[in-house]
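Undergrad: My structure is below; once you've seen it, I'll send some questions.
The values are calculated or read from the model by the stated rules, or taken from the named source; none is laboratory data. Fair warning: this is a prediction, and the values are worked out from it, not measured in the lab. Here the Cβ positions follow ideal geometry from the backbone for every residue, glycine too, while neighbour counts run over all protein chains shown.
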Amino acid sequence: MYRRIIIMVLASVLIAIVGTGTASAQTVAVQDPVGDSGNPNDQSLGSEKEQGYFDIVRAEVSKDSGTFAMSLRLAAPVPAAPPRPKGDSGMFLWAFALDTQPGSIAGYLYPPGQKRPFEYFVLLAWDGIAFSAFVIDRTPLPSGGEAVTSYIPFSFNTARDEVQFGIDPALIGNPAAFEWLSVNVLRKSHFGAEALQVLDFAPDAGTTNWP
Ligand SMILES: [Ca+2]
């Protein structure tokens with residue numbers, strides 16, 4: 001009898017916790033096919049592009065308790081130490097691009113003169129030695145300033161097939177709504193050079209909205 005009451009109380013507490021979390025979070029997720037990463041006609045990158053950890057399966061943007069959480073689920077676990085990326089200052093990048101305002105911005109991290117609608121990037125980078133995660137804020141560029149890089153917390157799940165970023169909304173301009181995409185990229189040279197190869201997008205075309 002007592003045991004049954006305790007179980008019922010525990011169940012109702014659990015429902016209350018889960019229910020509260022679901023109700024307050026604003027979550028948008030995009031599913032993406034397995035096996036659509038890389039370009040089968042491009043043999044220049046060897047087997048790097050074939051790796052399942054460059055293949056996006058699901059991307060999610062959520063805001064809960066005043067913090068943005070962005071996560072990428074991949075078709076295979078990200079190794080603790082992936083291979084060294086090819087090229088000088090080569091990098092593997094798992095990223096979100098955020099379009100939070102009207103207009104496009106030229107410059108970093110694109111080659112000079114190329115305009116893109118994204119004000120912010122959220123990135124996990126592997127440079128052959130260590131992982132790091134950061135936000136790149138491009139909004140100072142139009143007025144002659146420099147893009148601002150801010151390091152942010154990130155974590156892998158136990159299976160290492162999902163990476164999650166924690167983002168202070170102030171780092172991305174406190175947007176009430178924005179358009180976004182996720183993308184995995186091989187960078188074969190420094191930012192600003194013509195050496196970025198996209199391996200997978202989610203969604204496959206265009207952007208999606210948050211919330
Ligand atoms: Ca995919």
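Undergrad: Quick one: count up the residues across the range 187-210 that are modelled with pLDDT under 95, over 14 Å from the mean Cα position of the chain (by Cα) and of a type outside the set (Phe, Trp, Tyr).
TA: Selection size over the range 187-210: 13.
Undergrad: Same structure, new question: The conditions are (1) under 12 Å from the mean Cα position of the chain (by Cα); (2) outside any strand (DSSP E or B), and residue 69 fails exactly one of them. Which is it?
TA: Answer for residue 69: the failing condition is (2).
Undergrad: Within 18 Å of residue 157 (Cα to Cα), hydrophobic (A, V, I, L, M, F, W, C) and more than 12 Å from the chain's Cα centre (by Cα): is that true of residue 95 in this structure?
TA: Against the criterion (within 18 Å of residue 157 (Cα to Cα), hydrophobic (A, V, I, L, M, F, W, C) and more than 12 Å from the chain's Cα centre (by Cα)), residue 95 does not qualify.
Undergrad: Which of the residues spanning the range 166-184 are under 12 Å from residue 66 (Cα atoms) and not acidic (Asp, Glu)?
TA: From the range 166-184, those under 12 Å from residue 66 (Cα atoms) are 166-170, 174-176; that's our starting set.
Residues satisfying the conditions are 166, 167, 169, 170, 174, 175, 176.
Undergrad: Let me ask something additional. Filter the range 97-140 for residues that are of a type in the set (A, V, I, L, M, F, W, C) and farther than 23 Å from residue 206 by Cβ and give the result. Write out each step before concluding.
TA: Our first condition is that a residue be of a type in the set (A, V, I, L, M, F, W, C); within the range 97-140, this holds for 97-98, 105-106, 109, 118, 121-126, 129-131, 133-136.
Those that are of a type in the set (A, V, I, L, M, F, W, C) and farther than 23 Å from residue 206 by Cβ: 125, 126, 129, 130, 131, 133, 134.
Undergrad: Sort out which residues of the range 135-161 are at pLDDT 95 or above, part of a loop (DSSP other than H, G, I, E, B) and among the charged types (D, E, K, R), and write them in order of number.
TA: 138, 160, 161
Yes or no, residue by residue, for (1) out of contact with any Phe, Trp or Tyr (no Cβ under 9 Å at 6 or more places or on another chain); (2) within 16 Å of the ligand (Cβ to nearest atom); (3) within 24 Å of residue 74 (Cα to Cα):
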residue: 133; (1), (2), (3): no, no, yes
residue: 138; (1), (2), (3): no, no, no
residue: 145; (1), (2), (3): yes, no, no
residue: 154; (1), (2), (3): no, no, yes
residue: 160; (1), (2), (3): no, no, yes
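Undergrad: Please determine, by comparing only the residues of the range 143-161 that are farther than 22 Å from residue 210 by Cβ and surrounded by fewer than 14 Cβ atoms within 10 Å (Cβ to Cβ), which one is nearest to the chain's Cα centre (by Cα).
TA: 151
Undergrad: Same structure again: Taking the range 64-106, which residues are surrounded by fewer than 20 Cβ atoms within 10 Å (Cβ to Cβ), in contact with a helix residue (DSSP H, G or I) (Cβ under 9 Å, 6 or more places away or on another chain), touching a residue at least 60 places away in the same chain (Cβ under 8 Å) and within 28 Å of residue 142 (Cα to Cα)?
TA: Within the range 64-106, 67, 100 qualify.
Undergrad: Scan the range 174-187 for residues that are of a type outside the set (Phe, Trp, Tyr) and surrounded by 15 or more Cβ atoms within 10 Å (Cβ to Cβ) and jot them down.
TA: Of all residues in the range 174-187, those of a type outside the set (Phe, Trp, Tyr) come to 174-177, 179, 181-187.
The answer is 175, 179, 181, 182, 183, 184, 185, 186, 187.
Undergrad: In addition: Which is touching a helix residue (DSSP H, G or I) at 6+ places or on another chain (Cβ under 8 Å) and farther than 26 Å from residue 89 by Cα, of 211, 175, 203, 142? So that I can check it myself, show each step before the final result.
TA: Numbers: 211 fails: touching a helix residue (DSSP H, G or I) at 6+ places or on another chain (Cβ under 8 Å); 203 fails: touching a helix residue (DSSP H, G or I) at 6+ places or on another chain (Cβ under 8 Å); 142 fails: touching a helix residue (DSSP H, G or I) at 6+ places or on another chain (Cβ under 8 Å).
Exactly one of 211, 175, 203, 142 is touching a helix residue (DSSP H, G or I) at 6+ places or on another chain (Cβ under 8 Å) and farther than 26 Å from residue 89 by Cα, namely 175.
Undergrad: Let me ask you something else. Which residues, taken from the range 52-66, are near the ligand (Cβ under 10 Å from one of its atoms) and outside any helix (DSSP H, G or I)?
TA: Initial filter on the range 52-66 (near the ligand (Cβ under 10 Å from one of its atoms)): 52, 54-59.
Residues satisfying the conditions are 55, 56, 57, 58, 59.
Undergrad: Given 197, 164, which one is polar (S, T, N, Q), crowded, with 17+ Cβ neighbours inside 10 Å and either assigned to a strand (DSSP E or B) or without any contact (Cβ under 8 Å) to a residue 40 or more places away in the chain (or both)?
TA: Numbers: 197 fails: crowded, with 17+ Cβ neighbours inside 10 Å.
Selected residue: 164, the only one of 197, 164 that is polar (S, T, N, Q), crowded, with 17+ Cβ neighbours inside 10 Å and either assigned to a strand (DSSP E or B) or without any contact (Cβ under 8 Å) to a residue 40 or more places away in the chain (or both).
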